[in-house]
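Undergrad: Once you've had a glance at the structure underneath, I'll fire off some questions.
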Amino acid sequence: MNNKQFTEIAKILGVSEDSISAMDDEIKGSMTEVFETVNDKKAVYDTLDDLWQKGSVYVELHEVSKATGIPIATLKNLDYETQQTIVYEFMMNSSQTDRIYQLTNSALAVMELDKVAKLISVPLRELRKLPTNMQERICGAYAMEYDKDSTNTELIDNIREMIADE
């Protein structure tokens with residue numbers, strides 16, 4: 001991304017060029033791609049705005065990482081909703097590291113829920129409706145028993161049984 005593109009993207013979003021330049025290279029690269037390839041002005045704005053928001057969260061996640069010692073790679077691998085919550089909680093009270101760890105651990109415990117949904121052919125939104133402890137149990141079973149070289153029939157049956165017993 002060159003300076004002219006920084007200026008144009010910042011102008012489109014109504015933000016400072018510094019806020020764009022502070023973003024991760026991945027976000028800046030995505031912004032450049034959108035800027036260069038999308039022709040619809042509304043679509044350009046909407047996509048750039050989404051990327052800017054995500055990039056802003058990433059910038060703050062670096063601060064969270066420094067303050068808590070949680071690796072930035074771990075924080076970036078969390079779902080976006082959890083990332084936003086962590087940033088919000090950190091900005092509200094940066095001394096509450098226990099809360100940040102709790103949010104991170106809770107998200108990590110159900111990180112593979114999308115893979116479970118795919119395995120058992122159930123929409124992810126349905127699994128998200130289950131109580132958190134059930135989501136954690138299902139993901140735990142998946143993590144311990146999933147075999148990429150198997151049909152996983154027994155695992156599928158076990159997970160479906162856990163859900164049915166709920």
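The values are calculated or read from the model by the stated rules, or taken from the named source; none is laboratory data. This one's a predicted model, so the numbers in the text were calculated from it and none came from an experiment. Because the Cβ atoms are built from the backbone with ideal geometry, glycine has one as well, and the counts that use them run over all protein chains shown. Side chains are part of the model used for accessible areas, which takes the heavy atoms of the whole protein and leaves out ligands, DNA and RNA. Shrake-Rupley method; radii C 1.70, N 1.55, O 1.52, S 1.80 Å.
Undergrad: Phe90: of a type in the set (Phe, Trp, Tyr) and buried (at least 19 other Cβ atoms within 10 Å of the Cβ), yes or no? Show your work before the answer.
TA: Details: of a type in the set (Phe, Trp, Tyr): yes; buried (at least 19 other Cβ atoms within 10 Å of the Cβ): yes.
For Phe90, the condition - of a type in the set (Phe, Trp, Tyr) and buried (at least 19 other Cβ atoms within 10 Å of the Cβ) - is met.
Undergrad: For segment 26-36, enumerate the residues that are modelled with pLDDT of 90 or more and open to solvent by 30 Å² or more (accessible area, probe 1.4 Å).
TA: Answer for segment 26-36, where residues must be modelled with pLDDT of 90 or more and open to solvent by 30 Å² or more (accessible area, probe 1.4 Å): Glu26, Lys28, Gly29, Ser30, Glu33.
Undergrad: Looking only at residues in segment 8-25 that are within 21 Å of the chain's Cα centre (by Cα) and acidic (Asp, Glu), which one is most open to solvent (accessible area, probe 1.4 Å)?
TA: Quick first cut of segment 8-25, residues within 21 Å of the chain's Cα centre (by Cα) only: 19-20, 22-25.
Subsequent filtering for residues that are acidic (Asp, Glu) retains 24-25.
Working: Asp24: 27, Asp25: 121 Å².
Here the residue is Asp25.
Undergrad: From the set of residues in segment 131-156 that are surrounded by 11 or more Cβ atoms within 10 Å (Cβ to Cβ) and charged (D, E, K, R), which is farthest from Val110 (Cα to Cα)?
TA: Glu154
Undergrad: Which pairs do you get when a residue that is in a loop (DSSP other than H, G, I, E, B), found in segment 134-147, comes within reach of a residue that is open to solvent by 20 Å² or more (accessible area, probe 1.4 Å), reach meaning Cβ atoms under 8 angstrom, with the pair 6+ apart or on two chains?
TA: Note: pairs meeting the criteria are Tyr146/Lys115; Tyr146/Leu119.
Undergrad: Given the options Asp50, Asp46, name the one that is more than 28 Å from Glu112 (Cα to Cα) and open to solvent by 30 Å² or more (accessible area, probe 1.4 Å). Let's see the steps before the verdict.
TA: On the way: Asp50 fails: more than 28 Å from Glu112 (Cα to Cα).
Matching residue, one of Asp50, Asp46: Asp46.
Undergrad: Moving on. Enumerate the pairs (first residue in segment 87-100 and touching a residue at least 12 places away in the same chain (Cβ under 8 Å) and of a type in the set (D, E, K, R); second residue anywhere and surrounded by 11 or more Cβ atoms within 10 Å (Cβ to Cβ) and not in a helix (DSSP H, G or I)) with beta-carbon separation below 7 Å, excluding pairs fewer than 6 apart on the same chain, so at least 6 apart or on different chains.
TA: Close Cβ pairs satisfying both conditions: Glu89/Gln96.
Undergrad: Of the residues that sit in segment 110-130 and are among the hydrophobic types (A, V, I, L, M, F, W, C) and in a loop (DSSP other than H, G, I, E, B), which one is surrounded by the most Cβ atoms within 10 Å (Cβ to Cβ)?
TA: Val110
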